[in-house]
1. Antiparallel versus total DSSP beta bridges in the stretch 124-292: what percent is that, nearest 5?
2. Where the centre of each part is set by its Cα atoms, how far does the stretch 141-180 sit from the stretch 192-257, in angstrom?
3. Taking neighbour counts of Cβ atoms within 10 Å as a proxy for exposure, in what order, fewest first, do 53, 163 appear?
4. Would you mind ranking 101, 170 by Cβ crowding within 10 Å, fewest neighbours first?
5. I want to make sure I understand the PRE zone here: with the label point 7 angstrom from the Cα of residue 53 toward its beta carbon, which residues in the stretch 15-29 have backbone N atoms less than 17 Å away?
6. Over all directions, what mean area does the Cα convex hull of the stretch 124-292 project, stated in square nanometres?
7. What is the calculated FRET efficiency for residue 195 to residue 37, with r their C-beta to C-beta distance and R₀ = 41 Å, to the nearest 0.05?
8. What are the equivalent ellipsoid semi-axes of the stretch 43-132, built from the alpha-carbon gyration tensor (square roots of five times its eigenvalues), in whole angstrom, biggest first?
Ligand code: KG4
């Protein structure tokens with residue numbers, strides 16, 4: 001029997017459902033951007049409520065697009081973390097409900113592993129490699145030695161780089177999500193217009209810091225008083241260059257320190273055109289392979305339709321956890337004002353600790 005997986009991702013603000021099988025593939029992403037835009041960032045409880053409203057529709061559309069019914073599905077998968085706890089709960093609970101109803105095995109997906117291994121759907125990457133995961137919640141450097149063997153070698157000490165892009169965009173009244181808008185505006189701005197500091201630059205650490213950069217921009221905005229077009233474009237370009245340079249500096253340091261010649265970029269910020277350009281140049285200059293990875297497994301399918309026909313999964317019951325063992329892991333949870341749930345911080349020891357991930361990805365990788 002060939003494997004057909006129905007997968008859910010509700011780790012952040014998009015409700016995603018996908019079907020993944022040899023001859024049946026689809027991917028539906030229902031965006032919530034318009035809901036969070038007025039706030040300039042994601043409101044966790046609103047995100048969860050909207051997932052609740054959308055997940056049924058996303059599932060129906062994913063099944064329809066893949067031209068199959070729930071009866072064709074052999075496995076259910078869901079992102080269990082890290083992510084926004086209220087949002088994760090919706091996807092995991094929905095997946096659990098379906099798995100119980102149709103007596104299907106349930107596969108827990110680690111958000112970060114999804115980012116790392118989405119690229120294996122396109123091609124095999126030889127180990128070891130360094131992965132720079134840059135998203136709205138993460139700025140993490142991992143040394144990936146093999147499937148299941150990951151070492152966290154650097155991370156942000158405060159804001160994630162995507163979060164900094166979103167916050168700076170809010171300061172400049174540009175809308176949400178800020179990253180793509182700043183990327184676009186920077187093309188008409190002068191990156192030398194403002195001197196923006198680079199957090200932890202020239203320090204012998206692989207950690208990052210973006211809160212100082214954001215505060216610096218805030219001070220410049222307050223001092224300027226008005227947001228003229230030139231001011232906004234120049235500031236956007238200068239801010240972006242500072243982020244790109246520090247990401248490149250720390251990544252190069254990591255490659256050198258661990259003697260690795262392969263770099264994978266993952267997460268939403270890896271879409272940044274200036275970063276891709278700069279990394280491309282550095283890879284030639286310093287002789288490392290540069291692999292660009294943009295989307296989670298679920299999203300990848302929607303953007304890379306040509307790869308779909310090459311995907312396949314072997315049935316392997318041993319890769320599956322019993323249904324009851326699947327639960328959302330809260331990681332570090334902050335209660336703010338007694339009512340707002342905030343982003344989770346990723347704890348190294350909690351991540352990738354489940355051997356089933358290793359088995360699951362072995363199945364995926366071996367079958368491509
Ligand atoms: O990986 P992702 O889609 O979602 C998670 O956070 O898990 O990343 C979203 C982040 C947002 O902060 C968004 O502003 C940023 O990625 N982003 C970008 C670009 N496109 C998306 N940042 C800089 N330049 C871009 N072109």
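Just so it is clear, none of the values below were taken in a lab; they were calculated from the coordinates. Predicted, not measured: the structure shown is a model, and the values here were computed from it. In this analysis, Cβ positions are derived from the backbone assuming ideal geometry, glycine residues included, and neighbour counts consider all displayed protein chains.
1. Looking only at bridges with both residues in the stretch 124-292, the antiparallel portion is about 55 percent.
2. Each part reduced to its Cα centre gives a spacing of 13 Å.
3. On the way: 53 12, 163 25.
In order of increasing Cβ crowding within 10 Å: 53, 163.
4. Working: 101 10, 170 17.
Placing the least packed residue first, the sequence is 101, 170.
5. Output list for this probe position: 15-16, 29.
6. Working: hull surface 37.6 nm².
For the Cα atoms of the stretch 124-292, the hull's average projected area reads 9.4 nm².
7. On the way: r = 31 Å, r/R0 = 0.75.
According to the calculation, E is roughly 0.85.
8. Details: eigenvalues 124, 75, 31 Å².
They are 25, 19, 13 Å, listed from largest to smallest.
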